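What follows is calculated from the coordinates using simple rules that are stated; it is not laboratory data. Quick caveat: nothing in here was measured; it's all calculated off a predicted structure. So basically every Cβ, Gly included, is an ideal-geometry build from the backbone, and we count neighbours across all protein chains shown.
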Amino acid sequence: MHPDSGKLRVIRHDPKRDQLIRILLLITIALLGGFAYWYGGNHAGHNLDQAKQQNMSLESKARVLQEENNELRQRLAILESASKMDREAVNNVRLLVKQLEEEKEQLHKELTFFKSILAPEDMSTGVRVAGFSLLKGDEPRQYRLRLVISQVARSNPFLKGTLSVSLLGETDGKAQAIPLQQLAGPDQVLTRLGFRYFQALPGDREYLDFNLPKGFEPAGIKIVVQITSGIRQSFEQIYQWDKELVADVRQEQSSG
């Protein structure tokens, strides 16, 4: 056993020293806290500045991208408008070409008709049927008719007379003749003639439309012309229904 182990040590208590130590500890803690606050605030402020700079940079890039996007949208709108205008221009040209072709075809028909009137193959004088056309209409049992009466003469006097057009056929096996006025209307069918060179039926359009009555089977069209003034002449002519339809269909196909 150590000789001094049984002895008590007396530690001298110095209140002033203890108070000084406590003050130094408090000052040290305060300094450490202030340093930590300063460091943290400075570091946080630095990060905040970086974040602000990055945000400003992103906002600037966003504005640039938005401007580029707006410019691209404007270019796209211009291109789409130009493309639409090009398509419309092409369609307008096609429509114009089609109209010109139709006008050309119509002029060709009219020229052929007038040639047949002014210089017919048959030069014998008198009144005749210069043109006859029978076509199918757009609806079932609808048909279209065009008729031209002309005269071939040296002096071409003004003629007056009457015109009668009838459809010949059968209804329930019985022969029947139906006046064209009954099918197309009395105001639509010409019955009085008055012309020097030619007169057409109808006179205000290319074709006269009419509908066949139910149960009626057509076989022909009968035309009766009576000239009572200028010269005196009467004649009757019958056109076969099926034959005229086939002839006009072939003519339409060849002209198309």
Sole miss for A184 among (1) more than 41 Å from the chain's Cα centre (by Cα); (2) farther than 30 Å from T125 by Cα; (3) surrounded by 17 or more Cβ atoms within 10 Å (Cβ to Cβ) is condition (1)
Could you please let me know if P157 is without any contact (Cβ under 8 Å) to a residue 12 or more places away in the chain and not polar (S, T, N, Q)? no
